[in-house]
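Below are the structure tokens for one structure; questions will follow.
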Amino acid sequence: MVEIKEVELKKDKSIFGQISEYNHEKVVFCHDQETGLKAIIGIHNTVLGPALGGTRMWSYASDAEALEDVLRLSRGMTYKAAISGLNLGGGKAVIIGDAKKDKNEALLRRFGRFVKNLNGAYITAEDVGMTTKDMEYIRMETEHVSGLPESMGGSGDPSPVTAYGTYMGMKAAAKKAYGSDSLEGKKISVQGVGHVGGYLVELLAKENAEIFITDIYEDRLREISTKYGAKTVTMDEIYDLDVDIYSPCALGGTINNDTINRLKCQVIAGCANNQLRDETVHGPALIERGIVYAPDFLINAGGLINVYSELQGYNRESAYAQTERIYGYTLDIFELAEKEGIYTQLAATKMAEQRIQSIGKVKSTF
Ligand code: NAD
């Protein structure tokens, strides 16, 4: 059933070269002629538990690009789960194709069969290009699906929980920068007021912060501005604002060579993934500028915590309680970073690796 395909080599790297660079346990190439399914499931690490991560459907320019994406994303899930204290490993899947044109019930159920055959080593969920309806089709073939709608007994939209975790991380970062975690009166800019950004603005408004927002979508911007009294700014202006806290909640890579010298904030804390364009350059550069950076994969883990809670019989209260711990974890990271003289993103990665290593030892005996 599992067919290994030849993929074009990228940067002169063989498939196993790439797999070993990311240090994956297992990579499964799924192919089905009838439905046109082409998918890759990446299981990065299962020391802490089953590898959980969403399935993304995307029109990749090449098979090699799809492979690199699934390897990068699944490794990220390992760290996110480990740092959040979850008993989960890291995994991710990509389906190669146009989500608007190539998706149908048979293709999704065929993909579900591949997930089923992994016997729970990989648990899938929704990601870019997938809908709740799609997850229902996958669920028809395998029970190893999480993040289902509430109508199916699932945990529903993870965005409010992600926003709550981001808020907790922001408060911890404020504590580090200002000695108090109160956000009252703080000037906070939120870049992107979509699912998570919208809920975050609600929490910030409740604490009487002075909020500045931007988004591509004018209607959404107006809606959030009116609802919570936030001031709107243009997409470029956001980098030059004289604010205390900058919260990237749109896309990744917004902290880069072009923007870093424009930022006037003392804290960066947002939900977007991969905010630092180049971690090794911009991580230390933020320290030089005296900016406290709350690691993205830690403070946006609320959504994963929510989905994890579903595996044990969903309980919203316990999902929120576990997400609240992000506050303490973020403070721990700041302490480790200071002690070792390293940037916070690296400290978070180190702490995640340490947990995997130490729990791996626990499990090594019967
Ligand atoms: P979303 O698509 O609902 O919202 C993103 C918003 O950002 C949109 O309104 C979009 O118009 C806006 N945007 C895009 N580019 C922009 C730009 N250059 N300037 C200003 N606004 C811009 O997505 P979301 O679910 O709210 O997720 C936001 C980010 O958080 C993403 O990076 C996502 O990967 C990450 N994240 C989300 C969750 C979750 O639970 N939804 C969990 C973890 C991480």
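In a shell of Cβ-Cβ distance under 11 Å around ILE138, excluding ILE138 itself, what net charge do Lys and Arg (+1) and Asp and Glu (-1) give?
Net charge in that neighbourhood comes out at 0.
Let me ask something additional. Which semi-axis lengths, in whole Å and largest first, follow from the square roots of five times the eigenvalues of the Cα gyration tensor of the stretch 105-150?
15, 12, 9
Between GLU21 and ASP219, what is 0.36 nm times their sequence separation minus the Cα-Cα distance? Round to one decimal in nm.
Answer, rounded to one decimal: 66.9 nm.
What dipole magnitude, in Debye to the nearest 20, does the chain give about its Cα centre under +1 on Lys/Arg Cβ and -1 on Asp/Glu Cβ?
Around 660 debye, computed over the chain.
Helix 195-206: angle to the longest alpha-carbon principal axis of the chain, degrees 0 to 90, nearest 10?
30 degrees
Further, regarding this structure: Which ³J(HN,Hα) values in Hz, rounded to whole numbers, follow from the phi angles of the stretch 142-149 under the Karplus curve 6.51 cos²θ - 1.76 cosθ + 1.60, where θ = phi - 60° and Gly and Pro get x?
Listing the rounded values in order: 8, 7, 8, 10, 10, x, 7, x Hz.
How high is the relative contact order of the chain, in percent, with contacts defined as C-alpha pairs under 8 Å that are six or more residues apart?
Once divided by the residue count of the chain, the mean separation gives 15 percent.
Within a Cβ distance under 14 Å of PHE334, other residues only, what is the Lys/Arg minus Asp/Glu net charge?
Local net charge: 0.
Highest first, please rank the peptides 279-290, 89-100, 173-184, 297-308 by the mean number of other Cβ atoms sitting within 10 Å of their residues.
Per-residue Cβ counts within 10 Å, averaged per peptide and sorted highest first, yield 297-308, 89-100, 173-184, 279-290.
Would you please state which residues of the stretch 323-338 a label at GLU202 would reach in this model, taking the label point 7 Å out along Cα→Cβ and a backbone N cut-off of under 18 Å?
Those under the cut-off are 323-324.
Can you tell me how much longer the chain between GLU34 and ALA99 gets when fully stretched, taken as 0.36 nm per residue apart minus their C-alpha distance, in nm with one decimal?
21.6 nm
Determine ³J(HN,Hα), in whole Hz, for all residues of the stretch 212-225 in sequence, where each value follows from phi through the Karplus function 6.51 cos²θ - 1.76 cosθ + 1.60 and θ = phi - 60°; x replaces Gly and Pro.
Here the 3J(HN,Hα) series is 10, 10, 9, 6, 5, 8, 4, 4, 5, 4, 5, 4, 5, 4 Hz.
Under a Cβ-Cβ cut-off of 15 Å, what is the net charge of the residues other than TYR217 that fall near it, where Lys and Arg count +1 and Asp and Glu count -1?
-1
Cut-off is 10 Å between beta-carbons; in what order do LEU67, LEU107 appear when sorted fewest neighbours first?
By the 10 Å Cβ count, ascending, the order reads LEU107, LEU67.
Further, regarding this structure: Between the stretch 88-109 and the stretch 189-264, how many Å separate their Cα centres?
The distance from the Cα centre of the stretch 88-109 to that of the stretch 189-264 comes to 32 Å.
Here is a further query. What number, rounded to the nearest 500 deg cm²/dmol, is the helix-based mean residue ellipticity at 222 nm of the chain, given -39500 (n - 2.57) per DSSP H run of at least four residues and division by all its residues?
-13500 deg cm²/dmol
If amide hydrogens are placed 1.01 Å from N in the peptide plane, which non-local residues have theirs closer than 5 Å to the one on ASN45?
HN-HN under 5 Å from ASN45: GLU25, GLY90.
So for the stretch 46-152, averaging the separation of alpha carbon pairs under 8 Å that are six or more residues apart and normalising by length, what relative contact order in percent results?
Relative contact order here is 34 percent.
Set the Förster distance to 35 Å, then compute FRET efficiency between LYS361 and ASN256 from the Cβ-Cβ distance, nearest 0.05.
0.35
Tell me the angle of helix 159-178 to the major Cα principal axis of the chain, expressed in degrees between 0 and 90 and rounded to the nearest ten.
Approximately 40 degrees, to the nearest ten.
Quick check: residue separation of LYS339 and THR234 times 0.36 nm, minus the Cα distance between them. What number comes out in nm?
33.9 nm
Moving on to the next point. How long are the three semi-axes of the equivalent ellipsoid for the chain, computed from the Cα gyration tensor as the root of 5 times each eigenvalue, in whole Å, largest first?
Three semi-axes, in Å: 34, 23, 21.
Every number here is computed from the coordinates shown, using simple stated rules; none is lab data. The shown structure was predicted, so the numbers you read here are calculated from the model rather than taken from an experiment. Cβ atoms come from the backbone with ideal geometry, glycine included; neighbour counts cover every protein chain shown.
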